[in-house]
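The values are calculated or read from the model by the stated rules, or taken from the named source; none is laboratory data. Since the model is a prediction, treat every value here as computed from it, not as a measurement. Here the Cβ is made from the backbone with ideal geometry for all residues, glycine too, and neighbour counts use every protein chain on show.
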Amino acid sequence: MVKEGKVDQLPTPTSSSNTRSNNRKTRRYLPYALLVSCFVLGTFVSSRSNYLNFELGAKFKQAVSRCHQNTDSTAGVCVQAGALYPQSSKNAEVWTQVGELLETDAFQTLAIDKLSGLIQIPSESYDNMPPPGEDPRWETMGQVHDYLAQAFPLVHKALSLTKVNTYGLLYEWTGTDSSLKPYILAAHQDVVPVNPETIDTWTHPPYSGFFDGTNIWGRGAADDKASLAAIMLTLETLLGKGWTPARTVVLAFGFDEESSGLHGARSLGKALEETYGRDAFEFIVDEGGGFDEVYGAVFATPGVAEKGYIDVKVDVTSPGGHSSVPPAHTTIGYLASLITEFEKNPYPIELARGSVPHETLLCAASHGETIPRGLKHAILKSRHSDKAMRQVEKLFVLPNLWYSSLVGTTQAVDIISGGVKANALPESASAIINHRINTESSIKETTARDGHTIADLAYSLNLTLNAFGEDLIPASAYASEAKGHVELSLAFHHELEPAPRTPTTGKQWDFLSGTIKATYNAHRGLDGDNNIFMSPGMSTGNTDTRYYWNLTRNIFRYNHKNGASTGVHTVNENIALDHYLEIVRFFTTLIVNADEVAF
Ligand SMILES: *[C@@H]1O[C@H](CO)[C@@H](O)[C@H](O)[C@H]1NC(C)=O
Ligand SMILES: *[C@@H]1O[C@H](CO)[C@@H](O)[C@H](O)[C@H]1NC(C)=O
Ligand SMILES: [Zn+2]
C-alpha cells in the first residue's frame with residue numbers, strides 16, 4: 001500500500017452530535033411528515049385523477065414524483081449482485097477441497113511458515129533510489145526471488161517467469177483456452193523501511209515473522225506480503241491438486257511500490273503492454289480496499305478510482321546583498337507570505353454527484369442498518385438535490401479529515417529551503433507543495449488555480465510571476481523594476497492525472513462481487529447474497545496500478561483484508577492468521593470462478 005495507505009473504508013462520523021444538530025425534532029420527524037404527505041397526495045391523485053382535468057392532474061403528478069424523490073427509497077441504489085460459486089464439478093470439487101484444507105492444522109502451519117519466511121527478508125525500498133545494479137540496497141529483492149523459488153516449487157515448475165528490470169517478477173500460468181482474455185494478480189515485494197529508532201517499541205521484532213498463536217508479526221505482514229504469499233500459496237495448492245486453468249493467469253510483482261513504482265511497476269507495465277497488448281486483460285486485482293463493518297452492515301470497498309498527484313515548486317528570487325542593509329522583505333519573507341496565501345485558500349471540498357466518495361455514501365445509506373436517519377435522508381436526497389448534497393458535506397464530509405481529503409484536492413507544503421549564511425541575503429528560497437488531485441479535476445485545473453491563488457498577492461508585493469511557463473505578471477506590469485520573481489513549476493516529475501474510473505456495473509464488477517460474497521460466506525459457513533455488501537471505494541493514495549491503466553479498464557484495488565489493518569507503515573505491523581487464510585480463500589475462489597465466467 002502507498003504511504004497514505006488507509007484501507008478504503010467508510011469512516012464513521014467523528015462525533016454523533018454532527019449528525020443531529022439543533023433542529024433535532026424537526027429533523028427526526030421530517031421524513032415521516034414527508035412520507036405521510038406524499039402518501040396522501042399519491043392516494044388522492046390515483047383515486048381522483050380520472051376526474052381531474054388534465055392540467056391539474058399533471059401538476060399533481062409532478063408533485064407526487066417530487067415527493068417520491070424526497071422519500072428515503074433505496075430502490076435502485078447500490079444494487080447488489082449475487083454470490084458466485086464454482087459450478088462445474090472440476091472447479092466445485094477443488095474449491096471445496098481447498099476450503100476444507102484451510103481448516104487443517106497442517107495447512108495452517110504451512111501457510112504461517114510461507115508468510116513468516118517472506119517477512120524475514122527485509123526488502124525495504126527507499127525514496128529516490130538509483131536503478132537496480134547501481135544501488136546495493138535492491139539486493140534484498142534477490143533474496144525474495146530465491147525464497148519464492150524454494151517455497152513454491154510447483155509454481156516455479158508450472159509457470160513461466162520473466163524478470164523485468166532485474167527485480168520485477170512477471171509469471172504466466174498459461175491457460176488451456178487461448179480465446180479467453182487473461183487477468184493479472186498484482187502485489188509488491190518491497191516494504192516500507194523500519195525506522196531504526198522504533199525497533200524497541202515493536203512487540204515482536206519487525207523482521208521476525210513471529211507467530212504468537214493468533215497473529216503473524218512483522219514489517220510487510222499486512223502490506224503487502226500477506227497478499228503475495230496468499231497468491232503464491234493459492235497457486236501452489238491448486239497445482240498440488242492437479243488443477244490447471246483454462247484462462248491464463250498473470251502475476252505481476254513490483255519491487256518499489258512504496259517509493260512510487262518508478263523502477264518496478266513502471267517497467268512491468270511497459271513489459272505487459274509490449275507482451276500482451278493494450279487492453280489485453282479482463283481485469284487486474286491489486287492491493288487496496290478490504291472489508292469492514294460500517295453502520296451495522298459489512299461492506300467490501302474495492303478501490304475503483306485514484307486521485308491524481310503533483311508536486312509544485314514555488315521559487316522566489318531577488319537580488320542578494322549584505323544583510324546589514326536589508327530590504328523590507330527577503331526571498332524567505334516573500335516565500336512565507338506566499339505559503340500563507342496558499343494555506344488561506346484551501347481547495348473547496350465539494351462532494352460531486354456520482355463520484356466514488358458519493359457512491360460509497362449511497363451504499364452506506366441504502367444498506368447500513370444503523371446510519372443516523374438525518375444523514376441517510378440527506379444522502380439519498382443528494383442524488384437529485386444540491387441542497388441535500390451540501391447537507392451531506394456538512395454532516396459527514398467536512399467533520400472528517402480523511403473523507404474530506406478523499407473528496408477535495410489537497411495541498412501540503414512539505415519541503416522548504418533557502419538561505420546559506422546569517423550575514424548574506426538569500427538570493428532564492430523555495431518550497432514544495434504536494435497536491436492530491438480530486439477525481440473530478442485534473443493537473444491542468446490544479447496548476448491554473450495555484451497560479452491564480454497567489455497572483456494578487458505577488459502583484460501587491462511588486463513581484464513578477466510565471467506559473468508553469470505562463471507569464472501571469474510580466475515585468476511590464478510595473479512602472480519601475482520589480483522587487484523579485486516568483487516561479488511555479490512541476491517538481492520531481494511524478495505527476496499523475498486522476499485514474500480512469502473502473503466500471504462498477506457490468507460483468508467484471510458482478511464477478512468480483514460474487515467472488516467476494518462467496519468467499520465471505522464460505523469462510524463463515526453462511527448462505528445468502530447479502531451478508532456482505534459491495535460498495536465502490538477509494539483510498540487517498542496510489543498503488544502500482546498507476547502504471548497499468550493501458551492494460552484494462554477493470555482495475556480492482558482490493559485484497560479482501562478484514563478490518564482496519566494494524567501497524568501498516570508504522571510499528572507492530574501484523575496480520576491475523578484467520579484473515580490471511582481468508583485471503584487465500586479469496587484468491588482460490590477468484591481463480592476458480594474466473595475459469596467459469598463468460599465476460
Ligand atoms: C510597489 O511599487 C510601487 C510603485 O512602483 C510602490 O508605490 C509600492 O510601495 C511598492 N510596494 C511594495 C510592497 O514594495
Ligand atoms: C498508455 O498509452 C499511452 C498512449 O499510447 C502512452 O502515452 C502512455 O505512456 C501509456 N501509459 C503507460 C502508463 O504506459
Ligand atoms: Zn502496499
Tally, over segment 255-287, of residues that are more than 13 Å from ligand 2 (Cβ to nearest atom) and at pLDDT below 95: 2
Search result, residues across segment 171-180 that are crowded, with 16+ Cβ neighbours inside 10 Å and out of contact with any Lys or Arg (no Cβ under 6 Å at 6 or more places or on another chain): TYR171, GLU172, TRP173
Out of ARG557, ARG546, ARG524, sole residue that is free of Cβ contacts under 8 Å to residues at least 24 places away in the same chain, among the basic types (Lys, Arg) and out of contact with any Phe, Trp or Tyr (no Cβ under 7 Å at 6 or more places or on another chain): ARG524
In segment 515-557, residue nearest to ligand 2 (Cβ to nearest atom) [restricted to those that are charged (D, E, K, R), assigned to a helix (DSSP H, G or I) and farther than 30 Å from GLU124 by Cα]: LYS517
Any chance SER565 is of a type in the set (Ser, Thr, Tyr) and either away from ligand 3 (no atom under 15 Å from the Cβ) or surrounded by fewer than 23 Cβ atoms within 10 Å (Cβ to Cβ) (or both): yes
Matching residues, segment 102-129, being buried (at least 16 other Cβ atoms within 10 Å of the Cβ) and closer than 25 Å to VAL298 by Cβ: LEU102, GLN108, ALA111, LEU115
Candidate set from segment 254-274 (those that are of a type outside the set (D, E, K, R) and either within 16 Å of ligand 1 (Cβ to nearest atom) or under 18 Å from the mean Cα position of the chain (by Cα) (or both)); member that is surrounded by the fewest Cβ atoms within 10 Å (Cβ to Cβ): SER259
Residue match in segment 429-444 (condition: under 24 Å from the mean Cα position of the chain (by Cα), among the hydroxyl-bearing types (Ser, Thr, Tyr) and crowded, with 18+ Cβ neighbours inside 10 Å): yes
Which listed residue is hydroxyl-bearing (Ser, Thr, Tyr) and buried (at least 22 other Cβ atoms within 10 Å of the Cβ), from THR203, THR214, THR244, THR237: THR237
Which numbered condition SER179 misses (of (1) in a loop (DSSP other than H, G, I, E, B); (2) farther than 24 Å from GLN508 by Cα): (2)
Which numbered condition LEU590 misses (of (1) touching a Gly at 6+ places or on another chain (Cβ under 9 Å); (2) more than 13 Å from GLU287 (Cβ to Cβ); (3) of a type outside the set (Ser, Thr, Tyr)): (1)
Matching entry among HIS560, HIS579 (being in a strand (DSSP E or B) and either over 15 Å from the mean Cα position of the chain (by Cα) or at pLDDT 95 or above (or both)): HIS560
Residue match in segment 127-139 (condition: within 13 Å of MET232 (Cα to Cα), at pLDDT 95 or above and either in contact with a Phe, Trp or Tyr (Cβ under 7 Å, 6 or more places away or on another chain) or more than 16 Å from ligand 3 (Cβ to nearest atom) (or both)): no
Those helices (runs of 4 or more DSSP H) lying entirely in segment 277-395 with at least 3 residues polar (S, T, N, Q): 331-344
Residues that are of a type outside the set (Gly, Ala, Ser) and within 11 Å of ligand 3 (Cβ to nearest atom), drawn from segment 211-241: ASP223, ASP224, LYS225, LEU228
Qualifying position, being away from ligand 1 (no atom under 16 Å from the Cβ) and free of Cβ contacts under 8 Å to residues at least 60 places away in the same chain, among GLY289, GLY277: GLY277
Counted residues, segment 200-226 - those being farther than 27 Å from GLY261 by Cβ and part of a helix (DSSP H, G or I): 2
